[in-house]
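A.B. asks: Next up is a structure, given as structure tokens.
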Amino acid sequence: MTDFFKGIKPVKFAGPKSRNPLAYRHYNKDEIVLGKRMEDHVRPAIAYWHTFAWEGGDPFGGRTFERPWFGPSLDHAKLKADVAFELFDLLDAPFFCFHDRDIAPEGETLAESNRNVRAIAEVFQRKMEKSRTRLLWGTANLFSHRRYMSGAATNPDPDVFAYAAAQVKNVLEITHELGGDNYVLWGGREGYETLLNTRVGQEADQMARFISLVIDHARKIGFTGQILIEPKPQEPSKHQYDFDVATVHGFLKKYGLEQDVKCNIEVGHAFLANHSFEHELALAASLGLLGSVDANRNDLQSGWDTDQFPNSVPETALAFYQILKAGGLGKGGFNFDAKVRRQSIDPADLLHGHVGGLDVLARSLKAAAAIIEDGTYDKVIDARYAGWEEKEAKAMLAGKRSLEQIARRIERENLDPQPRSGQQEYLENLINRFV
Ligand code: XUL
Ligand code: CO
């Protein structure tokens, strides 16, 4: 045991009336909601990068956190792993997620970097024998090093493409060996800073080839987890190719990859793309692309990806409703892609962020389940589309009627459809009964 979290007791469920700030008031992992354990609905994960690797810097100043594991050596990385698993245990977290560069230092060569990552993966392996925490997903950091400044898969230099591919091979294999349920591709630099120096068609071909290589290798090594793209419209690049779910879908369809790849949908990224989180979830579900979720929120004034912990039950409840209607997240989960603020320098702050975030998710899950159990809302929506259950409408939708036939029927039956209320205010009030 390290003494980093000295004096902090394991976080337990204590019920909504508890005044203990480091107890779960709503997150009760074994509570059954719609026939399933709460933990199995949420599948929460702790993000290594924000919680252990981030130093508290912003564009105007550097490190604010003083952590004993900040340093360049493998020993520092081992200490970081010790503290990470202590936090997983304290929070009773079922999952975690990492990038290769979060867990181990970059070496002089790729071979050395890969060895470092493997050394820490072996530390994880041993720790996972004693801990209940499992790997939700692994990923490669293809955006921090200067070699990736013009992209990884979409770099104009094929050697950078190859370097990135070699890096992903290593993390994919390690993710597989650690029993990870998913592998995530976030294209931080897969986009452009200026169109003046960019061939978008060429770069799309490169990105598709890269993803195909990952899919092929995953199959070859027997990885049965999901491969996920994480849409984001911008930041750090001015424009990112995986802009949003709709854009990713078009890309996957063009290259025939839609059966092999799903989406990891992040709240803050949806927001940056001028969508709501629930819009992205609903669309992904309808396209068969709903894979996993990065839970966080943006600051409404900053207009940037601030990665704060979720804090709004009404908003997250609408998201959970979409997830429940889609049949749940399957192998995915809720990764807290969220960091405490740079002034939150105490070890306890790391727990407050996760405890609050998890309680918000628990309340949101219960609210969404209550909406479904009550049934009124679903009935209103069913009634709105009920016309499509009728014979002629079904034939039209199935492509069994031509434009001429449809036009003839309108004349023959002298149809004059009357507008009906969209009932938005009624629906808003109805939902507010549950959130
Ligand atoms: C960045 C982001 C990443 C991905 C993993 O905006 O969300 O942390 O989740 O690379
Ligand atoms: Co993310």
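A.B. asks: Give the residue, chosen from A284, A317, that is away from ligand 2 (no atom under 16 Å from the Cβ), of a type in the set (A, V, I, L, M), buried (at least 22 other Cβ atoms within 10 Å of the Cβ) and not in a loop (DSSP other than H, G, I, E, B). Walk me through it before giving the result.
C.D. replies: Values: A284 fails: away from ligand 2 (no atom under 16 Å from the Cβ).
None of the others qualify; the one that does is A317.
A.B. asks: Can you name the condition, by its number, that A393 falls short on among (1) farther than 30 Å from F13 by Cα; (2) out of contact with any helix residue (DSSP H, G or I) (no Cβ under 8 Å at 6 or more places or on another chain)?
C.D. replies: Condition (2) is where A393 drops out.
A.B. asks: Looking at I345 and the list (1) of a type in the set (V, I, T); (2) open to solvent by 30 Å² or more (accessible area, probe 1.4 Å); (3) within 16 Å of ligand 2 (Cβ to nearest atom), which single condition is not satisfied?
C.D. replies: Against the list (1) of a type in the set (V, I, T); (2) open to solvent by 30 Å² or more (accessible area, probe 1.4 Å); (3) within 16 Å of ligand 2 (Cβ to nearest atom), I345 comes up short only on (3).
A.B. asks: Just one of (1) closer than 20 Å to C97 by Cβ; (2) modelled with pLDDT of 95 or more trips up D157, so point out which.
C.D. replies: (1)
A.B. asks: If you scan the range 329-339, which residues turn out to be buried (at least 16 other Cβ atoms within 10 Å of the Cβ) and away from ligand 2 (no atom under 16 Å from the Cβ)?
C.D. replies: The first filter runs over the range 329-339 and keeps only residues buried (at least 16 other Cβ atoms within 10 Å of the Cβ), leaving 329, 331-339.
Within the range 329-339, K331 is the sole residue that qualifies.
A.B. asks: Within the bounds of the range 182-200, is there any residue that is within 16 Å of ligand 1 (Cβ to nearest atom) and open to solvent by 30 Å² or more (accessible area, probe 1.4 Å)? Please lay out each step first, then the result.
C.D. replies: As a first pass, look at the range 182-200 and keep what is within 16 Å of ligand 1 (Cβ to nearest atom): 182-191.
Those left that are additionally open to solvent by 30 Å² or more (accessible area, probe 1.4 Å): 186, 189.
Scanning the range 182-200, I find at least one residue that is within 16 Å of ligand 1 (Cβ to nearest atom) and open to solvent by 30 Å² or more (accessible area, probe 1.4 Å), so the answer is yes.
A.B. asks: Please verify whether G7 is open to solvent by 50 Å² or more (accessible area, probe 1.4 Å) and small (G, A, S), treating the condition exactly as stated.
C.D. replies: Details: open to solvent by 50 Å² or more (accessible area, probe 1.4 Å): yes; small (G, A, S): yes.
It is true that G7 is open to solvent by 50 Å² or more (accessible area, probe 1.4 Å) and small (G, A, S).
A.B. asks: Where residues in the range 119-141 are among the hydroxyl-bearing types (S, T, Y) and touching a strand residue (DSSP E or B) at 6+ places or on another chain (Cβ under 9 Å), which of them is farthest from ligand 2 (Cβ to nearest atom)? Can you show your working first?
C.D. replies: Narrowing the range 119-141 to residues among the hydroxyl-bearing types (S, T, Y): 131, 133, 139.
Among the residues that remain, those that are also touching a strand residue (DSSP E or B) at 6+ places or on another chain (Cβ under 9 Å) are: 133, 139.
Working: T133: 19, T139: 9 Å.
Of everything passing the filter in the range 119-141, T133 is farthest from ligand 2 (Cβ to nearest atom).
A.B. asks: Would you tally the residues in the range 296-332 being in contact (Cβ under 8 Å) with a residue 60 or more places away in the chain and over 25 Å from D378 (Cβ atoms)?
C.D. replies: Residues meeting the conditions: 4.
A.B. asks: What about A153, is it in contact (Cβ under 8 Å) with a residue 40 or more places away in the chain, of a type in the set (A, V, I, L, M, F, W, C) and away from ligand 1 (no atom under 15 Å from the Cβ)?
C.D. replies: Working: in contact (Cβ under 8 Å) with a residue 40 or more places away in the chain: yes; of a type in the set (A, V, I, L, M, F, W, C): yes; away from ligand 1 (no atom under 15 Å from the Cβ): no.
Judged against the criteria, A153 is not a match.
A.B. asks: A further question on this structure: If I ask for residues that are aromatic (F, W, Y) and part of a helix (DSSP H, G or I), which ones from the range 129-165 would you list?
C.D. replies: Y148, F161, Y163
A.B. asks: Can I ask one more? If you take the residues in the range 289-314 that are out of contact with any helix residue (DSSP H, G or I) (no Cβ under 9 Å at 6 or more places or on another chain), of a type outside the set (D, E, K, R) and assigned to a loop (DSSP other than H, G, I, E, B), which one is modelled with the lowest pLDDT? Step through it out loud before you land on a result.
C.D. replies: Going residue by residue through the range 289-314, those that are out of contact with any helix residue (DSSP H, G or I) (no Cβ under 9 Å at 6 or more places or on another chain) are 292, 299, 301-302.
Retained after the next criterion (residues that are of a type outside the set (D, E, K, R)): 292, 301-302.
Now drop any that are not assigned to a loop (DSSP other than H, G, I, E, B), which leaves 301-302.
Values: Q301: 92, S302: 88.
Checked the range 289-314; the qualifying residue modelled with the lowest pLDDT is S302.
A.B. asks: Mind listing just one residue for me: the one in the range 320-360 that is part of a loop (DSSP other than H, G, I, E, B) and within 16 Å of ligand 1 (Cβ to nearest atom) and, of those, farthest from L87 (Cα to Cα)? Write out each step before concluding.
C.D. replies: Residues of the range 320-360 that are part of a loop (DSSP other than H, G, I, E, B), as a first pass: 326-333, 337-346.
Filter once more, keeping what is within 16 Å of ligand 1 (Cβ to nearest atom): 329, 332-333, 337-340.
Numbers: L329: 24, G332: 21, G333: 19, D337: 16, A338: 15, K339: 14, V340: 14 Å.
The qualifying residue farthest from L87 (Cα to Cα) is L329.
A.B. asks: Here is a follow-up. Among the listed residues A407, A386, A395, identify the single one that is in contact with a Lys or Arg (Cβ under 6 Å, 6 or more places away or on another chain) and without any contact (Cβ under 8 Å) to a residue 24 or more places away in the chain.
C.D. replies: Values: A407 fails: in contact with a Lys or Arg (Cβ under 6 Å, 6 or more places away or on another chain); A386 fails: in contact with a Lys or Arg (Cβ under 6 Å, 6 or more places away or on another chain).
Result: A395 is the single residue among A407, A386, A395 that is in contact with a Lys or Arg (Cβ under 6 Å, 6 or more places away or on another chain) and without any contact (Cβ under 8 Å) to a residue 24 or more places away in the chain.
A.B. asks: Cβ contacts < 6 Å: first residue over 19 Å from T139 (Cβ atoms) and touching a residue at least 12 places away in the same chain (Cβ under 8 Å), restricted to the range 263-289; second residue open to solvent by 10 Å² or more (accessible area, probe 1.4 Å) and more than 16 Å from ligand 1 (Cβ to nearest atom), any location; separation 6+ or different chain. Result?
C.D. replies: Filtered contacts from the range 263-289: E278/L318; E278/Q322; L281/Q322; A282/Q322; A285/A326; L287/H249.
A.B. asks: When you check I174 against the structure, is it within 16 Å of ligand 1 (Cβ to nearest atom), β-branched (V, I, T), crowded, with 23+ Cβ neighbours inside 10 Å and not in a strand (DSSP E or B), yes or no? So that I can check it myself, show each step before the final result.
C.D. replies: Numbers: within 16 Å of ligand 1 (Cβ to nearest atom): yes; β-branched (V, I, T): yes; crowded, with 23+ Cβ neighbours inside 10 Å: yes; not in a strand (DSSP E or B): yes.
It is true that I174 is within 16 Å of ligand 1 (Cβ to nearest atom), β-branched (V, I, T), crowded, with 23+ Cβ neighbours inside 10 Å and not in a strand (DSSP E or B).
A.B. asks: Related question: Residues that are within 12 Å of ligand 2 (Cβ to nearest atom) and surrounded by 16 or more Cβ atoms within 10 Å (Cβ to Cβ): does the range 240-250 have at least one?
C.D. replies: Pass one, the range 240-250, residues within 12 Å of ligand 2 (Cβ to nearest atom): 242.
Cutting the leftovers down to surrounded by 16 or more Cβ atoms within 10 Å (Cβ to Cβ) gives us 242.
Yes, the range 240-250 has at least one match.
A.B. asks: Within the range 18-54, count every residue that is within 16 Å of ligand 1 (Cβ to nearest atom), open to solvent by 20 Å² or more (accessible area, probe 1.4 Å) and in contact with a helix residue (DSSP H, G or I) (Cβ under 7 Å, 6 or more places away or on another chain). Before the answer, list the steps.
C.D. replies: Keep residues of the range 18-54 that are within 16 Å of ligand 1 (Cβ to nearest atom), which gives 43-54.
Narrowing the set further to residues that are open to solvent by 20 Å² or more (accessible area, probe 1.4 Å) leaves 43, 49, 53-54.
Going one step further and asking which of them are in contact with a helix residue (DSSP H, G or I) (Cβ under 7 Å, 6 or more places away or on another chain), we end up with 49, 53.
Residues flagged as within 16 Å of ligand 1 (Cβ to nearest atom), open to solvent by 20 Å² or more (accessible area, probe 1.4 Å) and in contact with a helix residue (DSSP H, G or I) (Cβ under 7 Å, 6 or more places away or on another chain) within the range 18-54 amount to 2.
A.B. asks: Same structure again: Considering only the range 224-239, I want to know if a residue exists there that is in a helix (DSSP H, G or I) and on the phi < 0 side of the Ramachandran plot.
C.D. replies: Just the residues of the range 224-239 that are in a helix (DSSP H, G or I), to begin with: none.
No; the residues of the range 224-239 include none that is in a helix (DSSP H, G or I) and on the phi < 0 side of the Ramachandran plot.
A.B. asks: Hey, among A111, A77, which residue is in the same structural domain as A348 (by TED's automatic domain parsing), open to solvent by 20 Å² or more (accessible area, probe 1.4 Å) and either assigned to a helix (DSSP H, G or I) or among the aromatic types (F, W, Y) (or both)? I'd like the intermediate steps shown before the answer.
C.D. replies: On the way: A77 fails: open to solvent by 20 Å² or more (accessible area, probe 1.4 Å).
Answer to the selection: A111.
A.B. asks: In the range 182-207, how many residues are assigned to a loop (DSSP other than H, G, I, E, B) and within 16 Å of ligand 2 (Cβ to nearest atom)? Give the steps one after another, and end with the answer.
C.D. replies: Our first condition is that a residue be assigned to a loop (DSSP other than H, G, I, E, B); within the range 182-207, this holds for 186-190, 193-194, 198-199.
Checking which are within 16 Å of ligand 2 (Cβ to nearest atom) leaves us with 186-190.
The total comes to 5.
The values are calculated or read from the model by the stated rules, or taken from the named source; none is laboratory data. Remember, it's a predicted structure, so these values are computed and weren't measured experimentally. Counting neighbours? That spans all protein chains shown, and the Cβs are built from the backbone with ideal geometry, glycine included. With ligands, DNA and RNA removed, areas are computed over all heavy atoms of the protein, side chains included. Shrake-Rupley method; radii C 1.70, N 1.55, O 1.52, S 1.80 Å.
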